Structures are given as C-alpha cells and as structure tokens.
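One structure is given here, and the rest of the page talks about it.
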Amino acid sequence: MNIHVSPDEPIDLTNCDREPIHVPGRIQSFGALLAFTPDWLVVRASENVSAVLGLSFDDLAGREAQDIFPAKTIHDLRGRLAMMGHADAVERMFSVDLLGDGRIFDVALHLSGQAIVVEMEVADGKDSSDYTSYIRPMIERIRRGAQDGGVEALCRIAARQVKALIGFDRVMIYQFAPDGDGHVIAEAREPRQTPFLGLRYPASDIPKQARALYKRSLLRIISDVNDAGVPVQPVLDTRGQPLDLSLSATRAVSPIHLEYLRNMGVAASMSISIMVRGELWGLIACHHDSPRVISYELRSAAELFAQLFGFVISESESDTAREDETQARLLHDRIMADLADGRSIEENFEPFARAIKTVIDYTGIALITDGRVQTLGRTPTADQIKPLARFLNTTAVSQIFSTDRLSRLHPPADDYTGVASGILAMPVSRKPRDYIVLFREEFVRSVDWGGNPDKPVEVGPNGVRLTPRKSFDAWTQEVYGQSKPWTGPELRAAESLRITLLEVVLRMTDSSNRERARSQERQELLIAELNHRVRNILNLIRGLISQSADGRTVSEFTDVIGGRIHALARAHDQITNEDWTPASVRELIETEVSAYLGDDSNRVSIVGPDALLQPTAFTTLSLVIHEMVTNAVKYGALSNSGGRVDMALRETGNGGLVIDWRERGGPPVAAPTRRGFGSTITERSLAYELKGTSEITYDMTGVRARFEIPPDFVASFLEGGAAPAPEEAARETAPIGLSGTALVVEDNMIIALDAEDLLGSLGASAVLTASTTAEALALLDDTVPDMALLDVNLGNETSERVADRLQELGVPFIFATGYGDRISLADKFPDAPFLRKPYDSEMIRQALRVMGGQGQGQGS
C-alpha cells in the first residue's frame, strides 16, 4: 500500500497518520488465523490455515469449531474467553496439542468486534525453558541499578538484559519526548553495528495510529521484512467491513514501514511498549540483521519484563518527584521567613529571586505587579515585558505557563530571542493578573537525527507519494530560537511556588483598599491549597498501597523483606549443607556479617566456644542475628567507620547457650520510639518459639544484648578453631589481581550476566560468555582467555570437554555447581577449585586464591 497525496493537498508527514495499519487484510506467514462468530462458527481464515488443518477456507466457512478442534481444545478456548477482563485482553496458551494429533502450537485468543480471533503458531516442543522465571531476577538487577543513577542508568541495564533474553542483534530503549520525537537513550548491540545511541527520530517515524496501537497491543514483532504475508479471507464480511487486527500477534506490516526497515538495513524487528502511569513512555526497539522468529512464550516473557520495567521507571520518577517536593517545601519556608517582617515581594525582590534560582535555573526574572515591572538578570525591556503580560492574560487562569520557544506563540518575542527564548510564568494573583516570569536565553544546540527527518517526495503515476528516507546516517541540525527546556521537576517546583506566592500575596494585601480582591484571592488560595492537599492525599494513598503496613516505601519494604528472606536462605543453606543436622552458630554469625560487611567483617569479633544448634532453633536465631546486624549497620556501631561489635558465646550451667552482644564506637544510641516487626523478632521470637530469653539495652555508648537459648536446642559445644598457618593466612589476605580476558560457560542467562559483572569488578578487561559446550569450544578456537569459570551442568551436557580443552591450552579454570557433581570431576581436575551456587565476588576471590596457591595462576 502506498500513501498517495492529491497535488492540491499540502504535503507533510502527517499523511502517514491516515494509513489504515490496523486492517491490513493479511497476517505474517509464521502464524495462521481463524475467526469465529460468537457461537463458534468459522467466518474468516488465513489462506495458510490449510497447511495446519488440511482444509481450505471454502471447506471451513460456516463450520462449527467442534468440527475442527477436539473437545478439550474447545473447552480450553471457551475457558480462556471467559477469563478476558477487558476489551483489549489477549489470552495466551503455550505448547498446546491444539488438534489432538500431537503437533504442538502456541495460541492467542482475542476479540475483534463480534469476532473471536484464534491465532496459531507452531511451537518448538523441545524448548523447555521457563522464560518467565528469568524476569524476576532481571527486574531485581535493574532495581539494584537504580541506586547507581537515574532512568538512563536503568535503561542501559534493561537494554543489555533484553538483548541477552531474546537474542536480537540490537536492542534500544527509545524514549518519547513531549513533542513526539523519539530519543535513543540506551543501546546494546553487536560490535559490528553502527551505534544509534543518542540519535533522535522525528515523530513521523511512528505515526499517531501506530502509537495508539502500541498502547493497546504492547508487543509487535516483524519476523521478516521481505515476508509477503498471507491474505485473510474474505477481505470484507457480509457488512462490508474488514477484520480489525489491532490486537493480532501476527498482523501484517505496513509496506511503508517495511520499506523504512529495509532502508535501515533491518531484516527483523520487535517493539515492546513501555507504559508509565497509563501513557506510552517509550519502546524497547529490537533489530536483527536476518529474519528471526522467536516463540510466543519468549515474546510474552519479554512483554512481561517491559510492563514491570515501566513500574520501575515510575517508581524512580516518583522518588525524584518526592525529592523535588522536598526542595519546593524548603523554598516555601525560606520565602515565608524572608517575608515574615511584613515587607512586600517588591521590597524583597532580590533575595526572593536568589531563593527561586536555587530550585529553578533561569537567566533573568521579572516581577509584574499592578502594571509595574521589576527585573533582574538578562531580560527584555519593561516596554517589551508589558505586551508579554497581556499575552499571559490570555492563557489559562490559575496555572503556570511555560514554553521553550516563545516567539512561536508570541511573535513580538522575535525581537528579543537572544535574551528570552523561553519563559516560565507563575500567576500570583487573579485580578489584576500579576506574574513572576522566569526567562531563559537562546540556547543554540546541535541535534543528532537518525538521518534527515524530512522524508523525500516521489512523483508517481497517481500523484505525489511519501516514501521513507533511505539514509539513517547521523544528520546534525542546528536549532535556533529555543531555550533549554523546562524540566518536569522545575515545573512541579513552579506550581508549588505559585501556591506559596498566592499565600504571600494574600498576606500582603491591603484590606482597606482591596477587600473584594482579597476575598477572591483567599478563595483561589483555598482552591489551590485544596488541590495541593488532595494531590498529596492521593499520593499518600498511592504510597500506602505500595508500602508495607509499617510505613516503608516499596523499595525499603522489598529490601527489608529481601534481607530477612536472604538471612533465612543463608541459614537454610548452612543446615542443608550439614544434611539437616546441628549447625554452627559461629558460622551463622560470620556468614551474616560477611553478607553485610564483606572485607570489613573483622569489625565484628566472636570469642568463646562454638555451639551446634538444632535446625528448629537455627532459623529462628538467624533472623535475630540478621536484625541485630542490620540495625548495627544502619543505626549502630557499624554505621560509621570506627565502630565495632564484640560478641561472646558461652555455655550456661545447664548446657544452654548465651550470646552476649556489645556495640562500641558508634554514634550515640537512643531507644527506638516505635516497635516494628524487626523489634518483635529480636525481643520476642526466642521466647515465643524456643522458650528462651532476649534482653536488649540501649546504652548511649552502644547497644547491649543478651540472648539465651535453652539446652534442648543446643546439640553440643566445640572448642575454638586453630588459627591458620602463617603462609595460609598470608595467602588468604593476599590481594587478588584478575586481569585480561575471562570466559564464562553458563547455560542460565541471569547467572551468566551476574558472573560477567563479578569478573569485571575483579579486574577482567573482557568477559566472553557461552551457554553450550559447542559455543565455548568455538570461542576457544578464536581466543585463548586468561581464566575461565565453568558451570559443571549445562542442561543435557557437562562442561568437561571445555575443561579438557582449557587444560590443553594451559588456561586455569574454576568449576561452579549447584548440584552434587563435584566428586565426578574433582579426581580428573584436582587443581580446579569448585564454587557452590549461588556465588559472589568474595567466593570467586577465594577460588582465585586457591587456584593461585595450586599453581594454576589467575591471569596475566
């Protein structure tokens, strides 16, 4: 389909907005489609359905579904149809024996008007991967990354992880600007490809109707840009209407878009919507250099990731908004303090202007009151500002007004573009309309576009046709007449400031001369304040939904619960490593301390005989120790650089265990003013579950605690272990210097990504990854790494052949395992250390020390 334009019609890029991309009349050839009436009679079918069912549309038209599908399939389809919660819902069924003949399909089911649309894709019955299980750790990695930067940092991690998940050559995070243009803010790509990072693309590249579809159908795949597609019969129904394929997973593609992709050198693509607070924030745009079809289940996992990623972005933006609100409140307090002596804003104009600049950057400021103008910094003249005030009177009442290109809306501003290309105006009264106006000077900037954004025009037999541009090389445009844009945080601060200024004006009004004006302003202040309070209440309700019962934010609640779960997991690992027999208290404490302090674990000392606790007591004590260490790290002796914790283990007269806890050198201590769940754990769990005792004292110099565990739960006491030999101690504390290239062989994508990060943090300059023996051996044919980390069990094979090859090459390696397969390889590779999954950087360091001590070395 070409978009033709009448010679009399103005030619612009909005012509693309009229292309009916939701009713192409075709689907892509990797799937097949049937459409049924509400009573399950066939009314439409794709031409290739005969390859699936052995029947043409002429044979299928008007037949009942039960003539096509077995009873179980009909039952499942009806059940899924009943589960649809809204008009745009799509139900999915994976690895289904759809026809009862042993062939496996992935199935999508949705409603299109009165039609029930069933789409079928042949599934790979051999692929048993649980892709959905990858999503939680992927989101957790992103959440941790939120601590290291803003939204762009999150997007960099997301692009890399999605590329690893779906295997496309290029994955970009594409954010929409308020004007509709798109900006590539993160990218993960193959080294051979030209980077697109930082490029902008015009709004016309994704027309309005395509954006509307992205909000309804969150994932769009184009498996092959040269696929001619398969017609859906009949093209029109008995009412003369085409089948709306807006929600179709296999919907065919606009020829203009296919031409666009071919011009870009893309053979296959996939786009996943990023929705933030119900709006299309951006896309995860995926490109591949050759045709590519990925399973519907994997596509659904990627779609789930994008939905959760949108929540992470929303949470990050909300955190930023809360910080902005804090700054706005500080500005409010400062302004109110400056005007507390009863002087007017005019009399305090310079201090007032400086206070605003601490929150909102500007190059000039003007105060317009009763027709008078005061200015500071670079501003238009008073004679130029007065017509501007009249223009502002035409804007919405009781709202801030902002633009970064004033001359487009107020042509007289052409005369002073250099000093005031952008303005942010805050009305501070209702009648007369007085304003605080912030100015920003012209900011000449270069914008790097992905090719010339103006599409060329071709003359065809039926008139003029718009065609996609053929070059996507970076095209730089110099932009004049604009200022730096006003950011979201600045606009929110301006709205808060507007309310503050209304309060100030109300306070300064002369009651004898402006009684009616004062009444109106009071009413407006009340409305504004009410609006402000209602928004705060709504935000509070939203916060309460996303917080735990004790008032924590979602992130804090996740960290606290995650910490407690990890503490239980560490205790569980310890007792399961001992075959559910009594386990060491000393090891429990050291493990918990190491998890928090790492190399600073020597700030916690433990003296006295070790004790072996029964498993029933071990998990209870693990939570108590976790809470004590957590509080010490957050608030107590371990919260600074000089504090420490001294612990003593001792046996009671009747064979019980006493643990004494003493914090020293930390900040002054005060007893908590509230008792949360953590306090309940430390103070009551031993008594409730073990009939033991807990005593905690909040001395100003440091917390003291005494925990007693009854003898019924203490299996035995052990003498303290001997100190390591001097040479062993030296080896354990010797610095580890990992350098050069490392190879990771791991069949789990998430674990491979973690291993890549860990080895990089330890000094590896490059990390190669492989998920199979064949991939690893192929890499070794091209590159000899300096060390390797091998997962023993690679699904249906082991890494033994890779270890053999590394041994031939003289490359040292470490085995990692989550199973009991150490014994089978330990005899063959006695010099190779073994890591138990899950591992961290400290465990890898220890393995490298062992590897170095046994003569393998650890890189060059």
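Model label points for Met83 and Tyr635, set 7 angstrom from Cα along the Cα-to-Cβ axis, are 4.5 nm apart. Both numbers refer to the Cα atoms of segment 14-131; Rg and Dmax are 15.1, 50 Å.
Checking the a/c ratio against 1.5 first, then a/b against b/c, what shape does the Cα gyration tensor give for segment 584-676?
On the way: a/c = 1.71, a/b = 1.51, b/c = 1.13.
Taking the square roots of the gyration eigenvalues as a ≥ b ≥ c, segment 584-676 is prolate.
Extending 7 Å from the Cα toward the beta-carbon at both Arg706 and Ser133 defines two label points whose distance is 4.8 nm.
If a/c stays under 1.5 just call it rounded; otherwise compare a/b with b/c (prolate if a/b is bigger, oblate if not). Do that for segment 133-175, with a ≥ b ≥ c from the square roots of the Cα gyration tensor eigenvalues.
Numbers: a/c = 2.80, a/b = 1.21, b/c = 2.32.
Oblate, since a/c reaches 1.5 and b/c is not below a/b.
Would you mind calculating the gained length between Asp59 and Asn226 on full extension (0.36 nm times residue separation, minus the Cα-Cα distance), in nm to one decimal?
Values: separation 167, 0.36 × 167 = 60.12 nm, distance 2.98 nm.
Taking 0.36 nm per residue and subtracting the Cα distance, the gain is 57.1 nm.
Amide H to amide H, with H built 1.01 Å from N, Thr693 comes under 5 Å of Glu708, counting only residues 5 or more places away or on other chains.
Can you figure out the FRET efficiency of Glu346 with Gln399, using R₀ = 25 Å and their beta-carbon distance, to the nearest 0.05? Step by step, r from the Cβ atoms, then E = 0.60. For segment 768-800, GluC sites (Glu not before Pro) meeting the loop criterion (DSSP other than H, G, I, E, B) and having at most 15 other Cβ atoms within 10 Å: Glu797.
Decide, for segment 738-784, between rounded, prolate and oblate: order the square roots of the alpha carbon gyration tensor eigenvalues as a ≥ b ≥ c, take rounded if a/c falls under 1.5, and otherwise choose prolate if a/b is larger than b/c, else oblate. Can you show the working numbers first?
Working: a/c = 3.66, a/b = 1.20, b/c = 3.06.
Note, shape of segment 738-784 comes out oblate.
In this calculation the C-beta distance from Leu330 to Val784 is compared with R0 = 56 Å, giving a FRET efficiency of 0.45.
Ligands, DNA and RNA aside, Tyr201 has an accessible area near 10 Å² when probed at 1.4 Å.
Taken one residue at a time, the phi angles of segment 757-769 give Karplus couplings (6.51, -1.76, 1.60, θ = phi - 60°) of 5, 4, 5, x, 5, 8, x, 5, 7, 8, 10, 9, 10 Hz. Gly and Pro are set to x. Extension gain for the segment Arg408 to Leu809, taken as residue separation times 0.36 nm less the Cα-Cα distance, is 137.5 nm to one decimal. Computed over all pairs of different Cα atoms, the Kirkwood value for the hydrodynamic radius of segment 377-437 is 11.8 Å. In this simple spin-label model, placing a label point 7 Å from the Cα along the Cα-to-Cβ direction at both Phe717 and His75 gives a separation of 6.5 nm.
For Ala51 and Arg192, what does the FRET efficiency come to when R0 = 51 Å and r is the distance between their Cβ atoms, rounded to the nearest 0.05?
Working: r = 36 Å, r/R0 = 0.71.
For R0 = 51 Å, the calculated efficiency reads 0.90.
Compute the length gained on full extension between Ser765 and Thr680: take 0.36 nm times their separation in residues and subtract their Cα-Cα distance, giving the result in nm to one decimal.
Values: separation 85, 0.36 × 85 = 30.60 nm, distance 4.72 nm.
So the chain would gain 25.9 nm between Ser765 and Thr680.
Distance between the C-alpha centres of segment 98-169 and segment 364-386: 56 Å, rounded to the whole angstrom.
When all alpha-carbon pairs of segment 304-402 are counted, what percent fall beyond 21 Å?
Working: 2588 of 4851 pairs.
Pairs farther apart than 21 Å: 53 percent.
Farthest toward the positive end of the dipole of segment 38-172, out of Leu154, Ser56, Thr132, is the Cα of Leu154, where the dipole comes from beta carbon charges about the Cα centre.
Segment 268-322 has equivalent-ellipsoid semi-axes of 27, 11, 8 Å, by the square roots of 5 times the alpha carbon gyration tensor eigenvalues, sorted largest first. The mean of 1/r over all distinct Cα pairs in segment 186-284, once inverted, gives the Kirkwood hydrodynamic radius of 15.6 Å.
Of the cross-linked pairs Lys208/Lys484; Lys163/Lys634; Lys163/Lys837; Lys126/Lys215; Lys72/Lys126; Lys208/Lys357, which ones have a Cα-Cα span greater than 29 Å in the structure shown? If you can, show how the numbers build up before the last one.
Numbers: Lys208/Lys484 26 Å; Lys163/Lys634 37 Å; Lys163/Lys837 24 Å; Lys126/Lys215 33 Å; Lys72/Lys126 23 Å; Lys208/Lys357 38 Å.
Result: Lys163/Lys634; Lys126/Lys215; Lys208/Lys357 exceed 29 Å.
Distances between placed amide hydrogens fall under 5 Å for Asp610 paired with Leu718, Gly720, all partners being 5 or more residues away or on another chain.
The values are calculated or read from the model by the stated rules, or taken from the named source; none is laboratory data. Only a predicted model underlies this, so the values are computations on that prediction, with no experimental measurement involved. Note: ideal-geometry Cβ built from the backbone for every residue, glycine included; neighbour counts use all protein chains shown. Side chains included, ligands, DNA and RNA excluded: accessible areas come from the protein's heavy atoms. Shrake-Rupley method; radii C 1.70, N 1.55, O 1.52, S 1.80 Å.
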